[in-house]
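Q: Quick one: structure below, then a few questions.
The values are calculated or read from the model by the stated rules, or taken from the named source; none is laboratory data. Note that the structure is predicted; figures quoted are calculated from it, not measured. Using ideal geometry, Cβ is built from the backbone for each residue, glycine included, and neighbour counts are taken over all protein chains shown. Note: accessible area is taken over every heavy atom of the protein model, side chains too, but ligands, DNA and RNA are not part of it. Shrake-Rupley method; radii C 1.70, N 1.55, O 1.52, S 1.80 Å.
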Amino acid sequence: MKKTRIVLATALLLAACGTADNPSTPAPGGSGGALTPVKLQLQWFYQSQFAGYIAAVDQGFYSEQGLDVQLLEGAVDIVPQTVLAQGKADYAVAWVPKALASREQGANITDVGQIFARSGTYQVAWKDSGITSPSNFKGKKIGNWGFGNEYEIFAALSKAGLDPAKDVTLLQQNFDMNGLLSGDIDAAEAMTYNEYAQVLEAKDPTTGKLYSPDDLNVVSYEDEGVGMLQDAIWADQDKLSDPAYCGEAIAFVKASIQGWVFCRDNPEKCRDMVIAKGSKLGATHQLWQMNEINRLIWPAANGVGVIDTAAWDRTVGIAQGTKNLDGKTVLTKPADPEAWTNDIVNEALKQLGSSVDVKGAGFEPQTVTLTEGGA
């Protein structure tokens, strides 16, 4: 029955959207070549995490698709999927478990492009801490940011057979690494592309030199098998039945993919675009971030943005089965089939054709040398 529902939903969506084989599909943009205004809500401040969208604006990929895209900067108190559900944005970038939690609470949103294929969440500890896996968290002070960023930590604790209420001390962590650097936290939450670099940009007071990876132990939640899908493009589910919006969604995802391909092939240029956008983070930090973001996207075996069913099911399973300190789970029931679709991204990839390398099989990350403070 579930498979039948998915097939039926797919057929209805494609009928509403139209495809490259259906030339009657409304194209974005009004009469006389006017561009269609579109708002994309980001989930954080301008940084290389969103470089593909910034590049798509800067390089004219959106305008080539008939779109005039305005990027809405995020902040601590901005929930992108809520902004989308309230109609204040046309699309949003959000982590899958956070968006699914909002969806369960009534936000009719759909994942139409899974840009990040891998989790970028670490737990970072000093080399002499003895922390090399979640099982070593027992009796330690474990930092987390909250705001829905802690789900992988709870999943790792559960997999290791640890009770988060009894076996560890969970500490609220600021969005920095000061707690680890000061010794107040034994293992700090970090993104590969941001907070981890902050430690490597700090000086060891005993040597006067920058810390190196050799000074640290890193627990990767992706490697531990509890990584959850993160940055995705979310659309308004109700509006996808409107041929104009659905055609616009294809055009938006298509141009966004072009932006990410550009940043894979031109990381320094994208770093410069991000800085020009007003990011307060330094040049070497942003290049490190661009490099690490590319590692989360590329290679993309099925094409960038295509949702991997196994990764989706793992994310949903963790969200539904892992309890927090209050004994509650992120989701109380399985995500329904309409929570995601590959129809939009597959059509976008089809339209791009072989002229754009959307898989990046030959991608090789750069070696980025960090400087003090990321300057």
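Q: Only one of (1) open to solvent by 70 Å² or more (accessible area, probe 1.4 Å); (2) touching a residue at least 40 places away in the same chain (Cβ under 8 Å) is not met by Leu370, so which one is it?
A: (1)
Q: In the stretch 44-64, how many are touching a residue at least 40 places away in the same chain (Cβ under 8 Å), over 26 Å from Met191 (Cβ atoms) and open to solvent by 40 Å² or more (accessible area, probe 1.4 Å)?
A: Matching residues across the stretch 44-64 total 1.
Q: Within the stretch 318-365, how many residues turn out to be closer than 19 Å to Ala117 by Cα and either open to solvent by 40 Å² or more (accessible area, probe 1.4 Å) or in contact with a His (Cβ under 8 Å, 6 or more places away or on another chain) (or both)?
A: 8
Q: How many residues does the stretch 324-342 contain that are acidic (Asp, Glu) and either touching a residue at least 24 places away in the same chain (Cβ under 8 Å) or within 19 Å of Gln81 (Cα to Cα) (or both)?
A: Let us first name the residues in the stretch 324-342 that are acidic (Asp, Glu), namely 326, 336, 338.
Imposing the further condition that a residue be either touching a residue at least 24 places away in the same chain (Cβ under 8 Å) or within 19 Å of Gln81 (Cα to Cα) (or both) reduces the set to 336, 338.
Residues meeting the conditions: 2.
Q: Got a number for residues in the stretch 308-341 being touching a Leu at 6+ places or on another chain (Cβ under 8 Å) and within 23 Å of Asp238 (Cα to Cα)?
A: 6
Q: What is the number of the single condition among (1) polar (S, T, N, Q); (2) in a helix (DSSP H, G or I); (3) under 30 Å from Tyr53 (Cα atoms) that Ser119 does not meet?
A: Result: Ser119 fails condition (2) only.
Q: Under 6 Å between Cβ atoms, which residue pairs at least 6 apart in sequence (or on different chains) link something in the stretch 273-285 that is over 17 Å from Leu71 (Cα atoms) with a partner that is at pLDDT 95 or above and open to solvent by 30 Å² or more (accessible area, probe 1.4 Å)?
A: Thr284/Thr371
Q: Still on this structure: Go through (1) buried (at least 21 other Cβ atoms within 10 Å of the Cβ); (2) among the β-branched types (Val, Ile, Thr); (3) at pLDDT 95 or above one by one and return the number of the condition Val306 breaks.
A: Exception for Val306: condition (1).
Q: Right, something else. Can you list residue pairs whose Cβ atoms sit under 7 Å apart, with the first residue in the stretch 128-154 being at negative phi and surrounded by 15 or more Cβ atoms within 10 Å (Cβ to Cβ) and the second being of a type in the set (Ser, Thr, Tyr) and in a loop (DSSP other than H, G, I, E, B)? Count only pairs 6 or more apart in sequence or on different chains.
A: Final answer for the pair search is Tyr151/Thr322; Glu152/Ser119; Glu152/Tyr221; Phe154/Thr322.
Q: Count, please, the residues in the stretch 241-280 that happen to be of a type in the set (S, T, N, Q), surrounded by 17 or more Cβ atoms within 10 Å (Cβ to Cβ) and not in a helix (DSSP H, G or I). Explain how you work it out, then say what you get.
A: Here is the first cut: in the stretch 241-280, the residues of a type in the set (S, T, N, Q) are 241, 256, 258, 266, 279.
Right, trim to surrounded by 17 or more Cβ atoms within 10 Å (Cβ to Cβ) and you get 256, 258, 279.
This time we only want the ones that are not in a helix (DSSP H, G or I), so: 279.
Number of matching residues: 1.
Q: Pick from the stretch 68-80 the residues that are touching a Leu at 6+ places or on another chain (Cβ under 9 Å) and farther than 9 Å from Lys39 by Cα: which of them is most open to solvent (accessible area, probe 1.4 Å)? Give the derivation first.
A: Taking the stretch 68-80 as the starting set, the residues that turn out to be touching a Leu at 6+ places or on another chain (Cβ under 9 Å) are 68-74, 78, 80.
Still in the list and also farther than 9 Å from Lys39 by Cα: 73-74, 78, 80.
Details: Glu73: 75, Gly74: 3, Ile78: 53, Pro80: 9 Å².
Filtering the stretch 68-80 for residues that are touching a Leu at 6+ places or on another chain (Cβ under 9 Å) and farther than 9 Å from Lys39 by Cα, the one most open to solvent (accessible area, probe 1.4 Å) comes out as Glu73.
Q: Oh, and also: Looking at Tyr193 and the list (1) modelled with pLDDT of 95 or more; (2) farther than 22 Å from Ser48 by Cα; (3) not in a helix (DSSP H, G or I), which single condition is not satisfied?
A: (2)
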